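Okay, so here's the structure we're looking at.
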Amino acid sequence: MGTAEGYDPAVWRQLSEDLALPGIHVPEQYGGAGFGMVELCIVTEELGRALLCAPYFSTAVLAGNAILNSGTEAQKSALLPDLAKGARLATLAVTEPDGNWDPASIEVVATPGVDGYLLEGAKSYVLDGHVADLLIVAARTPKTVGREGLALFTLGAKAGGVERRLLESMDPTRKIARIDFHGAPASLLGNLDDGAKPILRTLDQAAIALANEMVGGAQALLDSAVNYAKLRVQFGRTIGSFQAIKHRLADMLLDVELAKSAAYYAAQAAAMDEPEWPALASLAKAAASETYLQTAIQCIQIHGGIGFTWDNDTHLWFKRAKSSEVFLGQPSYHRELLMQRWGV
Amino acid sequence: MSKVNETEVRAEVREWLAANWDPDMSLVEWRSKLADSGWGMPQWPKEWYGRGLPHALARVVEEELSNVGAVGVAKSGVRLLAAATLLEHGSDLQKKKFLRRILTGEDTWCQFFSEPGSGSDLAGATTRADLNGDYWIVNGQKVWTTSAHHADHGLLLARTDWDAPKHEGLSYFVIDVKQPGVDVQPLKQMNGHASFNQVFFTDAKVPQENLVGRVGEGWKVAMTTLAHERRGADGLASPSKRGARVGRIHAEERAETEKANQPYKWYPQRAGRVDLVIERAKETGANRDPHMRQEIAKLMIMAKSAEWTARRARAAQQQGRPQGPEGSLGKLAASNVARAAAHVHTLITGTEAMLTGSGSPRDGIIAEILVSVPAVSIAGGTDEIQRNIIAERVLDLPKEPRFDTGPFRNVRKN
């Protein structure tokens, strides 16, 4: 967290080589462990609980799923084994400096060239964009608007015409970058037909994985608040014996359990490819966003003054909760999406 | 649960149904067969009208009954709480006397727990039972008694020792409601319905053999009843019935259900009627308002998450985990959902929410939701009590300091 990279490469190696986690959802023929969304979400829940700083969400969740959803057989075979092994870091760039998560608003243009495409424009809020080796970029072909003409493109981060800048992020546990493309050479991932579909599918899967990561974090905050309430003594009693604190903690538990149910249910629905799973992705993301932040706020409150200090780790979860609240679209965005997806 | 077992159970129950099910039988006759064969409550012990099957297989039996359109044993009201309590704490004599008639629907039950002076603090009951010869003589007043006006038996929590500490001076009885010393009066609620009663006991009699558990163990026995009650409040609907519903037996069942449900027609409304929200938004055009859409989505997210949480709790229970305080979580969630639903119904309905009765939206149903929801967070244990239970038993937080220890005689009361 404290380094320029934002993670500990030794821990990343352990997580990749000993536990094979970056490829947990990648089929075995592409070098993965052959599990699916449910198992991926179990991993993100645990990483969220531990508040692990590692390029997991970018490489495994975003880039891994983008390649699985969009890539040709040859591309999957070429790209996925290195990601699954953790040997290469990757990320997905969708949002632009306007911070809009609807792919229809994408303005980066991919112009066909002699050998592939040339990218022009800017992406921002790119998770681990400063350390990724492989960039997957959502862009549109010239003179298209809305969801038409969208597709995913890949390029090495060191390609010419790529300018990366680490942003000063409020959440120190999650690094984000702005990436400018000045005629950067890129390859089409998959094909140009209905390119919006794999982008949306990847974002919905990411929303579910993030929801699970958030409920893991919320559980850690709840545990921390409960433990502190049992230790801290004021007025001759542990503060956990006051109903004002007990009731707050009971409400926190209820919130966390509800958000967990939504996150688990959405993961299961996505794994089974049930028709309503994209709606459930929005439902789970909105639920977990509100719960994680509220749990963080209440956890600080229960800790009192110590909770607002830099030395107490609660602020790290609070900041992760805040960045997760808006990353991939804030709760109001997903609530509106849910209403649309339910046909209301 | 092995596949073989499930297949065997299915085959066995199918064969039994083929030989026994007849929709032209009388309801009691059919339910007697269910009780005696054990197929009515297959999860109950073999010696007491069950077959000792695990919960998962009991569901299989329920499915099979439902597939041929067969009516199940009587389950409405307090009767299954009574049965669960008697199965755990009752004497063999009591089980023999009461369980079968619970299942056949011949007897209706009610619960005499709350009192005007002890609502949340149930253990503060001051209705007294004094032993006189072969009978306990009961005096005092109970309140919020659902079904007392048509019940045959009541589960009674009464004080038998005033010198013991609060929780240790209570005993648990089965009392005959239809006797001169029991006076049942309906209690009108803020929504105009009268689903509950206040009940006055004046020298009412309980034979000694109707003491459940030992003298002074009433609180422990009552906890069993309450745990089952909270679980029932998780807001999950029972599976819907399939198959043809014609024949004498179905007519009798419908009549029974109608009579039993008459005072509780508003119960779906007190839960907030989340099922109506999206329809109402569409029919009023509220679905075009971005603010309303946000509020509707917030409600639906909470309601869906609560439903899935209840399913998780139920799945855990079906895997054989004992009934625990997670019932309180479901009940608290249901209160939150109901309140949020009343809020959203008001937003959608707008000024028309000032109206009530047949001229008001949805033939008065919306108005009834708005004035019924406040019951949810009180009935069956207030939200505050549920939070205490969650905090103390799930999160293991320390108890509040108490002011009601020592002999109950000296404890401050209303």
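Values quoted throughout were computed directly from the atomic coordinates according to the rules given, and no laboratory measurement underlies them. Just so it is clear, the structure is predicted and the values come from calculations on it, not from any experiment. Don't worry about glycine lacking a Cβ; one is built from the backbone with ideal geometry, like all the others, and counts go over all protein chains shown.
Values for this structure:
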| item | result |
| --- | --- |
| Top positive-direction residue, dipole computed over the protein assembly as shown with Cβ charges, set B:A260, B:T202, A:G34 | B:T202 |
| Peptide ranges B:366-374, B:198-206 listed from the most packed, as the mean C-beta count within 10 angstrom indicates | B:366-374, B:198-206 |
| Packing-based order for B:188-197, B:157-166, using average beta carbon neighbours within 10 Å, highest first | B:157-166, B:188-197 |
| Under 24 Å from B:K282, Cα to Cα: lysines that are on another chain or at least 8 residues apart | B:K298, B:K304 |
| Modelled FRET efficiency - R0 22 Å, B:N414 with B:L187, Cβ distances, 0.05 increments | 0.80 |
| Residue mean of other protein chain beta carbons inside 10 Å, A:285-292 | 2 |
| Lys, Arg +1 and Asp, Glu -1 on Cβ, resulting dipole of the range B:3-73 about Cα centre, debye, nearest 20 | 200 debye |
| Gap separating the Cα centres of the range A:317-344 and the range A:153-199, nearest whole Å | 22 Å |
| Using alpha-carbon coordinates, inclination of helix A:73-85 to the longest axis of chain A, degrees | 40 degrees |
| Alpha carbon convex hull of the range B:260-414, volume per residue in cubic angstrom | 193 Å³ |
| Point-to-point label distance, A:R165-A:A244, nm (Cα→Cβ direction, 7 Å offset) | 4.7 nm |
| Chain B - percent relative contact order, Cα under 8 Å, separation 6 or more | 15 percent |
| Chain A: angle of helix A:277-303 to the longest principal axis, Cα-based, in degrees nearest 10 | 40 degrees |
| Whole-Å distance, taken between Cα centres, linking the range B:66-89 and the range A:105-137 | 64 Å |
| Sorted by Cβ neighbour density within 10 Å, fewest at the top, the residues B:D289, A:D180, A:D204 | B:D289, A:D180, A:D204 |
| Shielding score for B:305-313, defined as the mean number of other chain Cβ atoms within 10 Å | 6 |
| Relative contact order (%) - the range B:109-217, alpha-carbon pairs under 8 angstrom, separation at least six | 30 percent |
| Residue list for the range B:51-93, given a label point 7 angstrom along the Cα-to-Cβ vector of B:Q262 and an amide N cut-off under 18 Å | B:76-78 |
| Reduced Cα scattering model of the range A:197-341, Debye log10 I(q)/I(0), q = 0.14, 0.18, 0.20 Å⁻¹ | -0.65, -0.92, -1.06 |
| Nearest-0.05 FRET efficiency for B:R393 and A:A87, computed from C-beta distance (R0 45 Å) | 0.40 |
| Chain A: angle of helix A:37-50 to the longest principal axis, Cα-based, in degrees nearest 10 | 50 degrees |
| Unit charges at the beta carbon, dipole of the protein assembly as shown: most positive-side option, B:L86, A:F181, A:A132 | B:L86 |
| For A:334-340, mean number of other protein chain Cβ atoms within 10 Å | 5 |
| Net dipole in debye of the protein assembly as shown [+1 Lys, Arg Cβ; -1 Asp, Glu Cβ; about Cα centre; nearest 20] | 1280 debye |
| Which of A:S332, A:A225, A:L152, positive extreme of dipole for the protein assembly as shown (C-beta unit charges) | A:A225 |
| Dipole magnitude of chain A, debye to nearest 20 (Cβ charges: Lys/Arg +1, Asp/Glu -1, about Cα centre) | 740 debye |
| Long-range HN-HN contacts of B:W136 with modeled amide H, under 5 Å | B:V206, B:Q208 |
| Label point distance in nm, B:M354-A:K197, each placed 7 Å from Cα along Cα→Cβ | 5.3 nm |
| Using alpha carbons only: equivalent-ellipsoid semi-axes of chain A, gyration tensor based, whole Å | 36, 21, 19 |
| Loop-located chymotrypsin sites (Phe, Trp or Tyr not before Pro) in the range B:1-82, at most 13 other Cβ atoms within 10 Å (DSSP) | none |
| Three semi-axes of the equivalent ellipsoid, the range A:91-191, Cα gyration tensor, whole Å, largest first | 22, 16, 10 |
| Peptides A:142-155, B:66-79 ordered by average Cβ neighbours within 10 Å, highest first | B:66-79, A:142-155 |
| Distance histogram for the protein assembly as shown (every C-alpha pair counted, 10 angstrom bins, percent rounded to whole numbers) | 3, 12, 19, 21, 18, 13, 9, 4, 1, 0, 0 |
| Separation in nanometres of the label points that stand 7 Å from Cα toward Cβ, at A:E39 and B:D275 | 4.0 nm |
| Rounded Å value of the spacing that divides the Cα centres of the range B:163-180 and the range B:274-341 | 38 Å |
